[in-house]
Amino acid sequence: MVDTATMDVSANPQAKDRDRPSRQGGRGRSLRKPDQPWWFALPALAVFGVFFLLPNLLNFVYPFTDWSAFHPQIGFVGLSNFDAILHDGSLARDIRITVEYAVLVAVFQNGFGLALALLLERDTRFNRFFRAVFFLPVLISALAVGYIFRALLAQDGALNGVLSSLAGHPVDTPWLGSTTWTLLVVTLIHGWKWMGLAMLIYLAGLKSMPGDVLEAARIDGAGAWRTFWSIRFPLLAPAVTFNVTTALIGSMNTFDIVQATTAGGPGSETEVFNIYMFRIFGQGLYAQASAMSLVLFLIVVVLAVPVIVGLRRRENNQ
């Protein structure tokens, strides 16, 4: 005897099609993950609010108060803290040093990173090993890097010891004690610490270039330098934008490397804005230090936004 349900399905194929979605829908509902309660995120939101959001909001309030170690209560004083900063002879000098520091770090970090990316571009075992080696400083604490280089560059440190052996007479060059080149030395240390990150970004840009464009340039007779300058470097515009922006913003907010190597010396020649702020905070003038942090925020915005806009415009024109 033929099953009547089978006869109905064979006689009416649409009935079979109607049954299939319902079975698939049931299977989909059984595989769907249950919704997680929203309050699972409350611990993370609490930590974010207490240790990040609240301090940043208060940083826009404290500069207008007299908060210090010398007042038992906090009172509103208007713009007096900003007036004190403007009449401090250190402000203009430290802004200049901070800008010089940021520009030099951006040049060194991106120059070292791009050179390493070009040298280690091929996927060989040798290159992969040295990519990891040059990326290691990124993972090391900036304070640790600063203390290591302070020991190496001391007048009785390892570098002068090696130079003394090579020269045959004592060498006691004050690498971190000269008002002429110490800023340059510290920016080199900063660029060395972060060049691995720039290398990684440039490597990603080099690997994503279309092979047919490079092959067309080779067929047209373009040499290695011509291909790099006319084709490869313009195609690296997004990587350049990211690396230059992060280098400028990060170095304008630097503190740890400078504090560990020179602490702003010699003669305040490496006193970047955060070192200046740290010195004022150490004097117990907390509201004035908060006002200085707000000034630094405005300086970073004013200087970084035109650079970012210019680099993005360069990207769009490539």
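Could you give the dipole magnitude of the chain about its Cα centre, charging the beta-carbon of Lys and Arg +1 and that of Asp and Glu -1, in debye to the nearest 20?
1160 debye
Compute the acute angle (0 to 90°) between the alpha-carbon long axis of helix 286-317 and the principal axis of greatest extent of the alpha-carbon atoms of the chain; round to the nearest 10°.
The answer is roughly 60 degrees.
Which one, Thr98, Leu139, Leu163, projects farthest toward the positive side of the charge dipole computed for segment 91-170 from Cβ point charges (K/R +1, D/E -1)?
Leu139
How many nm separate the modelled label positions at Leu54 and Leu214, each set 7 Å beyond the Cα in the direction of the Cβ?
Each label point is offset 7 Å from its Cα along the Cβ direction, giving 5.3 nm.
Using a Förster distance of 25 angstrom, determine the FRET efficiency expected from the C-beta separation of Leu152 and Ala263, and round it to 0.05.
0.90
Keeping the other protein chains in place, figure out the carbon and sulfur percent of the accessible area of the chain, with a 1.4 Å probe.
Roughly 67 percent of what the probe reaches on the chain is carbon or sulfur.
Which whole-number percent is the relative contact order of the chain (Cα, under 8 Å, 6+ apart)?
26 percent
Quick one: grab Rg to one decimal and Dmax as a whole number for segment 37-135, Cα atoms only, in Å.
According to the Cα coordinates of segment 37-135, Rg and Dmax are 23.6, 65 Å.
At 25 °C and a viscosity of 0.890 mPa s, what translational diffusion coefficient does Stokes-Einstein give for the chain, taking Rh as the Kirkwood radius over Cα pairs? Give it in µm²/s as a whole number.
Once the numbers are plugged in, D ends up at 99 µm²/s.
Report the gain in length on full extension from Leu235 to Leu91: 0.36 nm times residue separation, minus Cα-Cα distance, nm rounded to one decimal.
47.8 nm
Please report, in debye to the nearest 20, how large the charge dipole of segment 139-292 is about its Cα centre when each Lys and Arg carries +1 at its beta carbon and each Asp and Glu carries -1 there.
So the magnitude is around 220 debye.
At most 14 other Cβ atoms within 10 Å and a DSSP loop assignment: could you name the trypsin sites (Lys or Arg not before Pro) in segment 72-163 that fit?
Answer in residue order: Arg122.
Given the Cα-Cα distance of Asn316 and Ala222 and 0.36 nm per residue of separation, how much length would full extension add, in nm?
31.4 nm
Can you give me the angle between helix 182-207 and the longest principal axis of the chain, using Cα atoms only, in degrees from 0 to 90, rounded to the nearest 10?
For 182-207 against the chain, the angle is about 20 degrees.
Using only Cα atoms, tell me the angle between helix 90-119 and the longest principal axis of the chain; keep it within 0 to 90° and round to the nearest 10.
Around 50 degrees separate the two axes.
Sort 194-203, 274-283 by packing, meaning the average of other beta carbons within 10 Å per residue, with the highest value first.
Sorting 194-203, 274-283 by mean packing, highest first, produces 194-203, 274-283.
For Val302 and Ile74, calculate 0.36 nm times their separation in residues minus their Cα-Cα distance, and state this gained length in nm to one decimal.
Computed gain between Val302 and Ile74 is 79.0 nm.
Considering amide H positions built from the backbone, and no H for Pro or chain starts, which residues 5 or more places from Thr65, or on another chain, come under 5 Å of its amide H?
Hits under the 5 Å cutoff: Val77.
Any chance you could list the semi-axes, whole Å, largest first, of the equivalent ellipsoid that the Cα gyration tensor gives for segment 197-280, using √(5λ)?
Calculated on Cα positions only, the semi-axes equal 42, 12, 9 Å.
The values are calculated or read from the model by the stated rules, or taken from the named source; none is laboratory data. What you are looking at is a predicted structure, and each value in this text was computed from that prediction instead of being measured. Cβ: placed from backbone, ideal geometry, glycine included. Neighbour counts: every protein chain shown. Side chains included, ligands, DNA and RNA excluded: accessible areas come from the protein's heavy atoms. Shrake-Rupley method; radii C 1.70, N 1.55, O 1.52, S 1.80 Å.
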